[in-house]
Every structure is written in C-alpha cells, then in structure tokens.
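Take this structure first; my questions come after.
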C-alpha cells in the first residue's frame with residue numbers, strides 16, 4: 001500500500017516536472033494547455049506529445065469562443081479564403097494570417113453528381129478535393145498549424161517522418177516560413193513524391209525500410225542530441241499539427257451551408273485525420289454553428305494495410321499492427337497510432353471501417369477521374385473504392401448526403417494508373433492514319 | 001544475456017537522465033524486471049495494471065517490433081539493442 005502511494009506520488013511529481021520543463025508563456029490563441037486523451041493529466045503548452053503517466057497521446061485543450069453563433073459564423077465568413085478563417089478555433093495566434101505561410105485550405109467541395117449516378121447514390125454526394133492545396137495534399141493544413149507551434153517554441157529546423165505528401169508539405173512550408181528542413185521518408189516512394197519533397201531545397205533522407213521504420217527512427221532521433229532543437233511536426237509537435245485536420249470538418253460544414261453531412265468517408269493512415277474531423281464536427285455542434293444531428297463516420301483502408309478495418313470487423317478494440325504491402329503508400333502505416341480511437345468513433349457514430357484491394361483502388365481512381373475530372377492519388381482511390389463497397393454491402397445509405405475525401409493529387413502517384421492510361425493510339429500526322437485508328 | 005535499452009525522454013527521470021542503460025534478461029519480460037531493479041518505478045510506466053505492455057508503448061528488439069515477436073516473451077539475444085518508444089508518433 002505504502003509502495004503504491006509512493007509510486008503515485010512519484011508519478012505526480014514527474015508529471016509536474018514534465019510540465020515545468022515546457023514553455024509557459026507561448027501565444028497559441030485559444031489553446032490553454034495539453035491534456036492526455038487516455039488519463040486526462042494536464043500539461044502546459046509545449047513541444048511534448050506523450051503523457052508521462054501512461055504514454056497516451058496529448059491533445060490541445062481550448063477556451064473556445066462563447067456567445068452568439070451568428071456573430072461567430074459572420075466573423076468566419078468574413079475571414080480569408082484559407083484555414084485562418086477558423087483561427088479562433090485553432091492553436092494559433094490571433095495575427096496568424098499576417099505571418100508567412102502557404103495559407104492552405106478552403107479547397108473545393110465538389111458536387112459529384114456524375115459519380116453519384118455511377119455509384120448508385122440517390123442523395124447528394126460530394127468530394128472534398130484537397131488536392132487543391134499548395135503542395136497538392138491535405139498535409140498543408142496540418143503543417144501550417146505545426147509551423148505556428150514551431151515558431152512559438154523557438155525551433156529553427158522542421159522535420160517529420162513521412163509517406164511522401166508530408167515531406168513535400170514540410171519542405172514547402174519551411175521554405176516559405178524561413179525554417180531549415182530535414183525530412184525522412186521510406187527510400188522506395190513514388191518518384192512524384194520524392195521530387196516534390198526535394199525541390200524545396202531542404203534535406204530529404206531516404207530510410208531503408210517502410211514507414212513504420214522511418215517513424216521509429218524519428219522517435220529515437222528526437223530523444224538524441226542529434227535531433228535537439230528540431231520541431232518534428234508529427235512527433236513533438238503532433239498535438240498541434242493534428243488540429244489542422246479539424247479545418248476539413250469546418251470547411252465541409254460551412255460549404256454545406258453550415259450543416260453537418262449525414263455520412264463522411266475518410267482515409268485512415270495513422271487515423272489522426274479521422275479523429276480530428278470528428279473533433280471538429282463536435283466543436284461546431286458545441287458552439288452552435290451547426291444544428292446537432294446524427295452523422296456517421298466511415299474509415300477507408302487499403303487491404304494491404306488494413307489493421308484498423310481488420311480490428312473493426314473482428315469486433316476488437318485494439319489494433320494489431322501489420323506489415324504494409326499496398327500501392328496506397330500514403331496510407332501504409334502498419335501500426336496506426338490513433339487506430340483505437342478510430343474504432344471508437346466509427347462505432348459511436350454507427351459508421352464502419354472497410355478496405356479495398358489494389359485493383360479496386362486503381363478502378364476507383366479511374367471512376368473518379370472519368371466521372372468528375374478529379375485525378376486522385378491512391379488514397380483518394382481508397383476512399384472512393386470503399387464508398388462503392390460500402391454502398392454495395394449496404395453499410396452506407398445512398399439516399400443521404402455523403403462527403404468523400406480526396407486527400408491528394410494523382411500526379412504524385414502516376415505509377416498506379418500509368419500502365420493503361422497512356423496514349424490511345426500513336427499515328428502519323430495524317431487523316432488517313434487517324435481514320436485507320438477508328439477514333440473519329 | 002546483457003542488452004542495452006534505449007530510454008525515451010519521458011522515462012529518463014527514472015534513469016538519472018541516461019538515454020541508454022544496460023539490463024539483463026533472455027526475454028523482454030526479464031529485461032523489464034532487470035530495469036525495475038536498477039530504476040525502480042520504470043516498469044509501471046511501461047506495463048499496465050495487468051502486467052501487459054501499455055497500449056501506447058512500442059518496444060523493439062534490434063529492428064523487430066516485439067508485437068510480432070511474442071510481446072513480453074520476445075527473445076532478447078546477448079548484446080541486443082532494446083528500444084522503448086512512445087507509440088503516439090507519426091502519420092496524420
């Protein structure tokens with residue numbers, strides 16, 4: 001008993017020590033501190049990401065605006081056409097819009113009537129097309145928030161472990177905001193992502209291994225003097241970084257006329273994006289910006305890396321890691337940090353977590369391209385493919401309003417569709433040759 | 001069996017600030033027991049109330065995630081490197 005009490009006292013002491021080692025006077029707007037999602041222990045704002053009590057993930061706690069929802073809606077609508085219109089709901093200083101940033105967000109919500117017809121959707125179907133961000137993926141949103149945290153904590157180097165899109169987003173944001181960057185990727189990524197990450201002039205390091213190996217390496221680097229003073233956007237800045245995904249929820253609802261969609265289909269890599277979209281929707285309800293009504297959240301994975309859908313379908317509440325083998329490399333995280341929370345959210349909202357194989361991913365990329373003119377990367381193929389499957393197996397109601405996320409640009413994963421998306425014919429420059437090709 | 005254990009920043013208060021400490025044991029369970037002897041309190045941070053690895057802790061023996069290698073029963077060969085890492089990193 002005495003030993004137990006001593007242990008508890010020591011742990012409390014450690015929590016206090018950890019809190020004392022972090023910055024206490026940073027200005028990150030409405031953010032008031034960090035809170036452990038598992039055990040609730042509170043910490044001061046700082047570059048920390050795991051709870052000293054239980055290793056649980058830390059989340060930003062806020063003092064959100066109170067008062068008239070109409071006035072807040074009007075203030076948001078009068079804001080810039082990027083994520084900073086939601087600054088009062090994000091861990092960023094009030095003057096964030098005046099700082100050098102890629103100013104991502106407010107991407108198109110495409111009314112996808114052709115896709116709806118193709119998939120048998122009788123209600124409204126929208127594609128939230130985040131390929132329109134500055135580096136052509138949703139990662140610009142999360143990185144923009146992490147950059148503000150890095151500024152607040154005095155970091156001068158930005159880093160990350162990446163499946164490709166994030167490396168490009170960090171490189172570009174660092175260039176624009178005046179940071180050095182050094183980012184880490186698996187050595188065998190698609191060329192489009194490698195070039196896109198390297199062109200901004202920062203250091204780009206290929207690690208011989210898969211994403212989980214890269215992530216492990218970065219987690220060790222952060223505890224070593226070699227990585228001292230570095231802001232790893234998805235490690236020691238992860239609590240702030242993740243909040244950027246809330247802006248997807250805000251935008252979708254605002255673009256729907258301040259209404260919640262009935263169903264959202266979201267890709268799962270680590271699962272953070274899905275959990276933050278849910279958090280964003282809950283905040284809008286709490287603030288009175290949208291009417292409170294049920295919504296369902298669906299998660300989408302590739303069969304070759306489906307630890308969360310496997311756990312969901314088996315009824316488990318823990319996620320057993322897998323070794324990834326899929327063309328959807330941006331989702332190839334075999335040990336998803338937020339997997340258990342995704343399971344909770346999908347079950348709480350009455351959604352589902354499904355997966356599709358690589359052939360279905362390629363087919364879905366083509367369907368989206370050929371119905372809506374949107375060229376998605378493989379992750380977009382996963383969400384559209386899973387949407388199709390969910391309709392076919394009766395999990396997703398085709399009569400309701402559904403939003404499907406496309407989180408990246410197909411130009412980055414050309415390899416996925418290059419084999420049969422080339423020239424229809426190669427002919428001499430003559431009318432006879434064209435006639436012979438039977439294409440008129 | 002002697003192994004070297006890499007300690008994450010948030011557990012270094014138990015190891016006097018050391019990032020790497022030696023330990024003994026032929027399995028991960030024995031290594032953690034050895035750590036606890038030399039650094040009292042550390043086992044309770046890594047293991048839950050049922051004595052299992054906490055949900056948000058990753059442990060690697062050399063390059064292998066112990067969840068693929070038998071968990072606490074994972075073999076720790078002489079001279080192996082054991083890394084304890086917070087799981088809540090990466091991705092998005």
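Assigned to a helix (DSSP H, G or I) and away from chain B (no Cβ under 11 Å): is that true of residue A:275 in this structure?
no
I'd like the full set of residues that are surrounded by fewer than 21 Cβ atoms within 10 Å (Cβ to Cβ) and assigned to a helix (DSSP H, G or I), limited to region A:346-361.
Scanning region A:346-361 gives A:347, A:348, A:349, A:358, A:359, A:360.
Could you tell me which of the residues A:235, A:265 is assigned by TED's automatic domain parsing to the domain that holds residue A:152 and either touching a helix residue (DSSP H, G or I) at 6+ places or on another chain (Cβ under 6 Å) or part of a helix (DSSP H, G or I) (or both)?
A:235
Does region A:149-167 contain any residue that is in contact with a helix residue (DSSP H, G or I) (Cβ under 7 Å, 6 or more places away or on another chain), surrounded by fewer than 24 Cβ atoms within 10 Å (Cβ to Cβ) and touching a residue at least 12 places away in the same chain (Cβ under 8 Å)?
No.
Can you spot a residue in region B:35-53 that is surrounded by 19 or more Cβ atoms within 10 Å (Cβ to Cβ), assigned to a loop (DSSP other than H, G, I, E, B) and out of contact with any helix residue (DSSP H, G or I) (no Cβ under 8 Å at 6 or more places or on another chain)?
There is at least one residue in region B:35-53 that is surrounded by 19 or more Cβ atoms within 10 Å (Cβ to Cβ), assigned to a loop (DSSP other than H, G, I, E, B) and out of contact with any helix residue (DSSP H, G or I) (no Cβ under 8 Å at 6 or more places or on another chain).
Read through the list (1) surrounded by fewer than 24 Cβ atoms within 10 Å (Cβ to Cβ); (2) touching a strand residue (DSSP E or B) at 6+ places or on another chain (Cβ under 9 Å); (3) farther than 12 Å from residue A:184 by Cβ, then give the number of the only condition that residue A:220 fails.
(3)
A further question on this structure: For residues in region B:11-23 being touching a strand residue (DSSP E or B) at 6+ places or on another chain (Cβ under 6 Å) and buried (at least 16 other Cβ atoms within 10 Å of the Cβ), which is nearest to residue A:50 (Cα to Cα)?
The qualifying residue nearest to residue A:50 (Cα to Cα) is B:15.
When only residues in region A:176-209 that are modelled with pLDDT under 90 and out of contact with any strand residue (DSSP E or B) (no Cβ under 9 Å at 6 or more places or on another chain) count, which is farthest from the other protein chains (Cβ to nearest Cβ)?
A:191
Can you tell me which of (1) in contact with a helix residue (DSSP H, G or I) (Cβ under 9 Å, 6 or more places away or on another chain); (2) surrounded by fewer than 23 Cβ atoms within 10 Å (Cβ to Cβ); (3) over 22 Å from residue A:379 (Cα atoms); (4) at pLDDT 95 or above is the one residue A:256 doesn't meet?
Going through the list (1) in contact with a helix residue (DSSP H, G or I) (Cβ under 9 Å, 6 or more places away or on another chain); (2) surrounded by fewer than 23 Cβ atoms within 10 Å (Cβ to Cβ); (3) over 22 Å from residue A:379 (Cα atoms); (4) at pLDDT 95 or above, residue A:256 breaks only (1).
Just a yes or no: is a residue in region A:210-231 modelled with pLDDT of 90 or more and within 19 Å of residue A:410 (Cα to Cα)?
No.
Scan (1) on the phi < 0 side of the Ramachandran plot; (2) in contact with a helix residue (DSSP H, G or I) (Cβ under 9 Å, 6 or more places away or on another chain) for the single condition residue A:175 breaks and write down its number.
Condition (2) is where residue A:175 drops out.
Okay, next question. Hey, does region A:365-378 have a residue that's within 17 Å of residue B:91 (Cβ to Cβ), in contact with a helix residue (DSSP H, G or I) (Cβ under 7 Å, 6 or more places away or on another chain) and assigned to a helix (DSSP H, G or I)?
yes
Here is a further query. Please go through region B:35-92 and pick out each residue that is more than 9 Å from every other protein chain (Cβ to nearest Cβ), closer than 25 Å to residue A:38 by Cα and touching a residue at least 60 places away in the same chain (Cβ under 8 Å).
B:84
Out of (1) under 23 Å from residue A:213 (Cα atoms); (2) over 12 Å from the mean Cα position of the chain (by Cα), what's the single condition that is false for residue B:72?
The one condition residue B:72 does not meet is (2).
Does region A:414-436 hold any residues that are in a loop (DSSP other than H, G, I, E, B) and touching a residue at least 12 places away in the same chain (Cβ under 8 Å), and which are they?
Those that are in a loop (DSSP other than H, G, I, E, B) and touching a residue at least 12 places away in the same chain (Cβ under 8 Å): A:414, A:421, A:424, A:425.
Go through (1) without any contact (Cβ under 8 Å) to a residue 40 or more places away in the chain; (2) in contact with a helix residue (DSSP H, G or I) (Cβ under 8 Å, 6 or more places away or on another chain); (3) in a loop (DSSP other than H, G, I, E, B); (4) within 30 Å of residue B:61 (Cβ to Cβ) for residue A:188 and report which single condition fails.
With (1) without any contact (Cβ under 8 Å) to a residue 40 or more places away in the chain; (2) in contact with a helix residue (DSSP H, G or I) (Cβ under 8 Å, 6 or more places away or on another chain); (3) in a loop (DSSP other than H, G, I, E, B); (4) within 30 Å of residue B:61 (Cβ to Cβ) applied to residue A:188, the lone miss is (2).
Sticking with this structure for a sec: Kindly indicate the residue of region A:379-412 that is more than 13 Å from residue A:267 (Cβ to Cβ) and part of a helix (DSSP H, G or I) and also farthest from the chain's Cα centre (by Cα) among those meeting that condition.
Looking at the filtered set, the residue picked out is A:392.
Another question, then. Could you check region A:49-142 for strands (runs of 3 or more DSSP E) lying wholly inside it with 1 or more residues that are surrounded by fewer than 22 Cβ atoms within 10 Å (Cβ to Cβ)?
Once the strands (runs of 3 or more DSSP E) in region A:49-142 are filtered for at least 1 residues that are surrounded by fewer than 22 Cβ atoms within 10 Å (Cβ to Cβ), what remains is A:58-62, A:109-111.
If you don't mind, another one. Count, please, the residues in region A:320-337 that happen to be closer than 14 Å to residue A:355 by Cβ, over 19 Å from the mean Cα position of the chain (by Cα) and either within 14 Å of chain B (Cβ to nearest Cβ) or buried (at least 17 other Cβ atoms within 10 Å of the Cβ) (or both).
Residues in region A:320-337 being closer than 14 Å to residue A:355 by Cβ, over 19 Å from the mean Cα position of the chain (by Cα) and either within 14 Å of chain B (Cβ to nearest Cβ) or buried (at least 17 other Cβ atoms within 10 Å of the Cβ) (or both): 1 in total.
The values are calculated or read from the model by the stated rules, or taken from the named source; none is laboratory data. Worth saying up front: this structure is predicted, and the values here are computed from it rather than measured. Here the Cβ is made from the backbone with ideal geometry for all residues, glycine too, and neighbour counts use every protein chain on show.
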